[in-house]
């Protein structure tokens with residue numbers, strides 16, 4: 001067994017990225033994610049890569065676009081207000097089919113909001129965020145270990161589909177410390193060489209272009225349909241979720257990221273008192289684990305969706321299982337609004353008792 | 001087996017350090033732990049608190065509404081967090097700074113520790129956090145004191161290793177005080 | 001003239017190898033074509049076409065990839081210097097240049113160009129200043145001259161409300177990171193020759209000295225100026241050059257020699 005380290009979630013993202021071969025980082029300081037650029041600024045020179053603290057969030061996402069277009073594994077990281085600024089570049093990356101990693105260690109909003117954890121950027125992350133009707137691959141780690149593992153996976157999925165990927169975490173998962181077992185990165189066998197990447201036309205005599213502008217009659221429609229076929233393929237092949245105590249559960253609690261951790265303890269408390277409750281935790285928020293909800297509610301279970309917002313993922317849950325009763329419990333993000341396990345246990349009891 | 005402890009005090013006074021130490025020592029022993037800090041936007045002097053959850057299986061929530069144990073370093077922490085300590089739990093109250101002895105609650109174990117006075121006696125007011133940590137690990141008995149010392153040696157920069165003996169003395173003093181209080 | 005005669009003639013003028021054999025989409029009298037040619041000649045001169053990565057901006061110059069036989073990334077509006085930075089860091093040995101208009105570089109992309117120059121990114125920037133937004137239909141640009149009428153300054157640019165035209169070359173020449181900064185025009189044969197030299201120098205700055213090279217080219221937009229090509233060309237000397245003086249504003253390599 002490799003030595004278990006005791007690190008912050010943010011550091012685990014940085015470590016996972018460097019282990020996965022990311023050698024280009026572009027970013028701008030913002031709380032609560034600055035541990036990521038700080039770690040990478042410290043470690044990158046020895047690895048021969050490039051770290052740029054850009055003049056703005058906008059510049060950093062466009063540097064990522066440029067590096068990605070040239071075939072590099074590259075990333076940026078920020079927190080909610082900074083991610084809003086990056087949306088233009090993210091849309092261009094999506095349109096230009098540029099892979100790359102965008103890490104969002106969410107803080108509360110809207111506006112400057114606060115520096116506390118939030119899940120209020122779920123819509124922005126999973127529904128496109130910028131203009132034009134695209135999707136990102138969105139992964140939601142709920143532990144320091146997953147911050148490391150899913151960062152690696154995000155690069156692989158992003159390269160495989162040429163779709164930008166986002167790690168969607170928050171101040172809880174980013175700032176907490178726990179055990180991390182680092183492990184060597186192993187590239188998947190099916191990753192294709194990036195023969196589309198720009199290196200200068202060389203001897204081939206045909207110039208390559210990375211672009212998102214399609215003006216010809218029908219061209220852009222075809223391009224969009226191509227993007228959407230990829231999203232459909234991901235929906236079939238790349239969905240990931242975790243189930244806990246679901247087998248005989250009468251109430252399926254569902255939550256992702258930090259609230260899933262809190263809900264996990266609440267479910268454990270409920271089980272100790274004999275309640276038949278389980279937890280369904282989406283790991284991929286896009287593609288969303290629709291089938292998992294169908295499967296685990298097939299016998300008429302009720303769902304309780306818990307979020308650190310006023311109701312976002314719950315819409316996707318309801319669309320996944322339109323005939324199932326889906327309850328929602330959320331706290332609007334901000335200082336002091338992080339729900340406690342006891343609070344969620346009370347919600348579980350409420351819905352179990354109403355049922356019986 | 002799960003344990004959790006909430007620690008609150010002034011920022012920059014070592015509350016976050018002892019939280020780190022406790023969680024790290026737990027991990028060194030092959031168990032799991034989470035350390036979750038919360039502090040004001042100020043770098044120094046604001047309120048600081050953290051939650052440590054320890055488990056020999058998996059750690060669920062890194063935050064706890066009603067902690068099993070609390071280390072309360074100053075009056076503000078006492079006012080805000082003492083009422084939240086779980087029934088049957090433990091509150092370690094820094095009586096050097098907190099007048100309230102916790103007698104308003106009888107459903108938990110409240111132990112007043114004159115941690116600042118003890119730290120000064122050992123030789124450095126900054127050891128106050130170590131006194132409190134020593135008392136907590138003696139009470140919870142989840143982590144061995146030796147592992148905490150080992151963890152401290154690892155996290156402390158080499159140039160500060162000359163302070164290790166004072167820290168060890170403070171940890172032991174806290175433990176001894178706790179034993180005496182419970183006897 | 002018979003075929004034999006043509007073959008006997010010496011070819012003195014041809015399309016630069018770095019330019020594709022395509023018809024131009026630019027308006028009659030537009031000088032993008034001349035500037036494209038000068039950029040291509042510079043690439044030919046250094047024999048770098050096969051390695052070069054261009055970054056297209058948003059505006060009339062977006063179709064860069066249609067004209068140049070090079071690899072091209074299409075950048076969002078104003079962001080070409082940031083995109084070029086990412087590309088250059090990945091391919092430090094390959095020539096990278098951006099080609100941007102005045103709205104792109106001097107308005108929405110001000111931050112990107114200043115910080116790119118300030119970092120001394122070893123890229124070449126071709127900045128085409130025609131005092132208006134061409135592609136969107138002739139709106140007021142950051143370089144629109146005082147009293148100049150455009151579709152969004154129908155009574156003429158009012159400097160007390162709209163501010164003044166920005167002299168980007170002078171601004172960038174003041175930055176430590178800028179190695180070469182020049183302003184040229186292409187309204188006369190002599191100016192075209194000078195512009196060609198400056199553009200070559202800006203590429204040389206990147207290739208030889210690993211520095212940031214910037215060339216502002218004063219250009220026409222007859223369509224949006226509401227002028228015929230001849231009058232538009234005359235306006236460059238009459239109105240633009242007096243406000244935007246030609247010259248080399250910084251040449252770190254020459255100063256160092």
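The values are calculated or read from the model by the stated rules, or taken from the named source; none is laboratory data. Given the structure is predicted, the values throughout are model-derived calculations rather than measurements. Virtual Cβ from ideal backbone geometry, glycine too; neighbours counted across all protein chains shown.
Here is how the numbers come out for the structure above:
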{"quantity": "Selected residue [farther than 24 Å from residue A:146 by Cα, in contact (Cβ under 8 Å) with a residue 40 or more places away in the chain and out of contact with any strand residue (DSSP E or B) (no Cβ under 7 Å at 6 or more places or on another chain)] from A:291, A:342", "calculated": "A:342"}
{"quantity": "Residue A:26 being surrounded by fewer than 24 Cβ atoms within 10 Å (Cβ to Cβ), within 10 Å of chain C (Cβ to nearest Cβ) and in contact with a strand residue (DSSP E or B) (Cβ under 6 Å, 6 or more places away or on another chain)", "calculated": "no"}
{"quantity": "Leading residue by the ranking (surrounded by the most Cβ atoms within 10 Å (Cβ to Cβ)) among those in region C:76-109 that are within 7 Å of another protein chain (Cβ to nearest Cβ) and under 24 Å from residue C:200 (Cβ atoms)", "calculated": "C:83"}
{"quantity": "Test: residue C:137 is more than 8 Å from chain A (Cβ to nearest Cβ) and at positive phi", "calculated": "yes"}
{"quantity": "Unique residue being within 14 Å of chain C (Cβ to nearest Cβ) and over 12 Å from the mean Cα position of the chain (by Cα) when the list is A:180, A:220", "calculated": "A:220"}
{"quantity": "Strands (runs of 3 or more DSSP E) completely within region B:15-86 that count 2 or more residues being at pLDDT 95 or above and either at the interface with chain A (Cβ under 9 Å from one of its Cβ atoms) or surrounded by fewer than 24 Cβ atoms within 10 Å (Cβ to Cβ) (or both)", "calculated": "B:32-39, B:47-55"}
{"quantity": "Criterion (farther than 30 Å from residue C:73 by Cα and either surrounded by 20 or more Cβ atoms within 10 Å (Cβ to Cβ) or within 13 Å of chain C (Cβ to nearest Cβ) (or both)) met by exactly one of A:3, A:8", "calculated": "A:8"}
{"quantity": "Residue A:21, sole failed condition from (1) within 18 Å of residue A:150 (Cβ to Cβ); (2) in contact with a helix residue (DSSP H, G or I) (Cβ under 7 Å, 6 or more places away or on another chain); (3) in a loop (DSSP other than H, G, I, E, B); (4) within 14 Å of another protein chain (Cβ to nearest Cβ)", "calculated": "(2)"}
{"quantity": "Matching residues, region C:180-197, being more than 18 Å from residue C:105 (Cα to Cα) and buried (at least 24 other Cβ atoms within 10 Å of the Cβ)", "calculated": "C:186, C:195"}
{"quantity": "Sole exception among (1) at pLDDT below 95; (2) within 19 Å of residue A:65 (Cβ to Cβ) for residue C:87, by number", "calculated": "(1)"}
{"quantity": "Qualifying residue in region B:102-116 (condition: assigned to a helix (DSSP H, G or I), surrounded by 15 or more Cβ atoms within 10 Å (Cβ to Cβ) and touching a residue at least 12 places away in the same chain (Cβ under 8 Å))", "calculated": "yes"}
{"quantity": "Residue among A:201, A:193, A:182 that is in a loop (DSSP other than H, G, I, E, B) and within 30 Å of residue A:7 (Cα to Cα)", "calculated": "A:182"}
{"quantity": "Residue check for residue A:147: within 14 Å of chain B (Cβ to nearest Cβ) and in a helix (DSSP H, G or I)", "calculated": "yes"}
{"quantity": "Residue ranges of strands (runs of 3 or more DSSP E) in region A:44-133 with at least 3 members closer than 30 Å to residue B:37 by Cβ, in contact (Cβ under 8 Å) with a residue 12 or more places away in the chain and away from chain C (no Cβ under 11 Å)", "calculated": "A:74-78, A:101-106"}
{"quantity": "Residue in region A:204-216 that is closer than 25 Å to residue A:257 by Cβ, in a strand (DSSP E or B) and within 14 Å of another protein chain (Cβ to nearest Cβ) present", "calculated": "no"}
{"quantity": "Of the criteria (1) within 11 Å of chain A (Cβ to nearest Cβ); (2) buried (at least 22 other Cβ atoms within 10 Å of the Cβ); (3) touching a residue at least 40 places away in the same chain (Cβ under 8 Å); (4) within 17 Å of residue C:199 (Cβ to Cβ), which one residue C:39 fails", "calculated": "(1)"}
{"quantity": "Subset of region A:257-274 [touching a helix residue (DSSP H, G or I) at 6+ places or on another chain (Cβ under 9 Å) and surrounded by 22 or more Cβ atoms within 10 Å (Cβ to Cβ)]", "calculated": "A:257, A:258, A:259, A:261, A:262, A:263, A:264, A:265, A:266, A:267, A:270"}
{"quantity": "Condition check for residue A:21: touching a residue at least 40 places away in the same chain (Cβ under 8 Å) and in the same structural domain as residue A:166 (by TED's automatic domain parsing)", "calculated": "yes"}
{"quantity": "Members of region C:140-150 found to be surrounded by fewer than 24 Cβ atoms within 10 Å (Cβ to Cβ) and either in contact (Cβ under 8 Å) with a residue 24 or more places away in the chain or under 13 Å from residue C:243 (Cα atoms) (or both), listed by number", "calculated": "C:142, C:145, C:146, C:147, C:148, C:150"}
{"quantity": "Scan of region A:302-320 for residues that are buried (at least 21 other Cβ atoms within 10 Å of the Cβ) and either farther than 23 Å from residue A:142 by Cα or without any contact (Cβ under 8 Å) to a residue 24 or more places away in the chain (or both), ordered by number", "calculated": "A:314"}
{"quantity": "Candidates B:147, B:169 - the one that is modelled with pLDDT of 95 or more, within 19 Å of residue B:120 (Cα to Cα) and either crowded, with 18+ Cβ neighbours inside 10 Å or touching a helix residue (DSSP H, G or I) at 6+ places or on another chain (Cβ under 7 Å) (or both)", "calculated": "B:169"}
